[in-house]
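The values are calculated or read from the model by the stated rules, or taken from the named source; none is laboratory data. Being a predicted model, the structure only gives us computed values, none of them experimental. Quick reminder, even Gly has a Cβ in these numbers, built from the backbone with ideal geometry, and neighbours come from all protein chains shown. The area values use the complete protein model at the heavy-atom level, side chains included, leaving out ligands, DNA and RNA. Shrake-Rupley method; radii C 1.70, N 1.55, O 1.52, S 1.80 Å.
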Amino acid sequence: MNKLAEKPGLSDDELLRYSRQIMLPQIEIAGQLLLLRSHVILFGAGGLGSPIAMYLAASGVGKITLVDPDEVDLSNLQRQIIHRTESIGHAKAISAKKTLAELNPLISVRVINSVLTEMELEKEIRNADVVVDATDNFEARFAINAACVKEKTPLVVGAVIRFEGQVMVFTMQDDSACYQCLYPNQEELEESCSQTGVLGSVAGLVGCLQATEVIKLLVNIGEILSNKLMLIDALNLEWHTLKINQDPKCAVCAK
Ligand SMILES: [Zn+2]
C-alpha cells in the first residue's frame, strides 16, 4: 500500500493532485494539511497577483480571498495571465476566480471587487494567515501595511516596473520592520507601469517569489525574506538583498 494513502486527512484525489510537493521532505502530508487549512488574502489580481493566485491555488491553499476593484482591460493581458481576452470589461476578481476554479476546484475562492474601508480592511486581514500585497499604488500599500501591523498578520509585498522587481516580507512579529519603515515619506514619487512600462515575465518572476514566500510562511519552512528587501534587475539578471531595519520613529509600527 502506498505510504501516503495510510495518512488521514487527504482524499485520494488530493494525494495525487499534490503528490509532487507532498514528496518534498519539508512539506509532506503535514505541510499539505497546513496549506489546505490556510487562508491567504491577496490584494491585486494583476501582473503580480496572476501568478501568485494561480500558484497558491494550484498548491492547495484552502481558502483564498481575492481583492481587486478594477476591470480587465486589453492592455492588461500582456502580463496579467490569469485573465482571458473574453474577460475584457469584466471585474478582475471574478475573472481571476473563474481561472482558479478551473485550475483547482477543490479550494475555496472568495472575491471582493470593491475598495475596502479601513475597518473592513482590518477585519479581512484579521481573518487571514498571510496577506499578499500585489497592488500597484502607494495608497493601497500603506493602508494594507498599517492593517497588517495592527493585526500582526505577516505581509508579503512585491513590486515591479520596467525590468526591475522588489520583494519584501514583514512577519509583523517582535522586532519586525514594516513597509512604512522603508518609505517614511508617503509623498514618494509614484511611478506606475502605465507610465513607464513593464515586461510581463518580470511580473511573473516577482509574483512567483512572493508565492514561494507565502507557502514557506504557511508551512513554516526555510529562511523567510524577513526584514529584507530583494532587488531584482532582470535586464542584467542580477539581484541583491538589503536589510530593512525597523525605524524606531515609524508612525505605524514603532512601539
Ligand atoms: Zn514601520
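Meeting the requirement of 2 or more residues that are β-branched (Val, Ile, Thr) and out of contact with any Cys (no Cβ under 8 Å at 6 or more places or on another chain), the helices (runs of 4 or more DSSP H) wholly within the stretch 1-119 are 92-103.
Just one of Glu6, Glu28, Glu71 is farther than 27 Å from Cys148 by Cα and modelled with pLDDT of 95 or more; which is it?
Just one listed residue meets the conditions, Glu28.
Name the one entry in Lys255, Lys216 that is within 14 Å of the ligand (Cβ to nearest atom) and of a type outside the set (Ser, Thr, Tyr).
On the way: Lys216 fails: within 14 Å of the ligand (Cβ to nearest atom).
Going through Lys255, Lys216 in turn, just one is within 14 Å of the ligand (Cβ to nearest atom) and of a type outside the set (Ser, Thr, Tyr): Lys255.
What number of residues within the stretch 129-149 are farther than 21 Å from Asp70 by Cβ, open to solvent by less than 40 Å² (accessible area, probe 1.4 Å) and either more than 14 Å from the ligand (Cβ to nearest atom) or part of a loop (DSSP other than H, G, I, E, B) (or both)? Number of matching residues: 1.
The one condition from (1) open to solvent by 70 Å² or more (accessible area, probe 1.4 Å); (2) touching a residue at least 60 places away in the same chain (Cβ under 8 Å); (3) not aliphatic (A, V, I, L, M) that Lys152 does not meet is (2).
Hey, can you tell me all the residues within the stretch 55-73 that are over 18 Å from Ser114 (Cα atoms) and touching a residue at least 60 places away in the same chain (Cβ under 8 Å)? Steps first, please.
Start the filter on the stretch 55-73 by keeping residues that are over 18 Å from Ser114 (Cα atoms), which leaves 55-63.
Those that are over 18 Å from Ser114 (Cα atoms) and touching a residue at least 60 places away in the same chain (Cβ under 8 Å): Tyr55, Leu56, Ser59, Val61.
Just to verify a result, which residue in the stretch 155-178, among those that are surrounded by fewer than 22 Cβ atoms within 10 Å (Cβ to Cβ) and part of a loop (DSSP other than H, G, I, E, B), is farthest from the ligand (Cβ to nearest atom)? Only one residue tops the list, namely Phe163.
In the set Ile64, Ile41, Ile27, Ile22, which member is surrounded by 17 or more Cβ atoms within 10 Å (Cβ to Cβ), farther than 18 Å from Val130 by Cα and hydrophobic (A, V, I, L, M, F, W, C)? If you could, list the steps in order and put the result at the bottom.
Numbers: Ile64 fails: farther than 18 Å from Val130 by Cα; Ile41 fails: farther than 18 Å from Val130 by Cα; Ile27 fails: farther than 18 Å from Val130 by Cα.
After ruling out the rest, the residue left standing is Ile22.
Among the residues of the stretch 227-246, the ones that are within 16 Å of the ligand (Cβ to nearest atom) and open to solvent by less than 40 Å² (accessible area, probe 1.4 Å) come to 3 in all.
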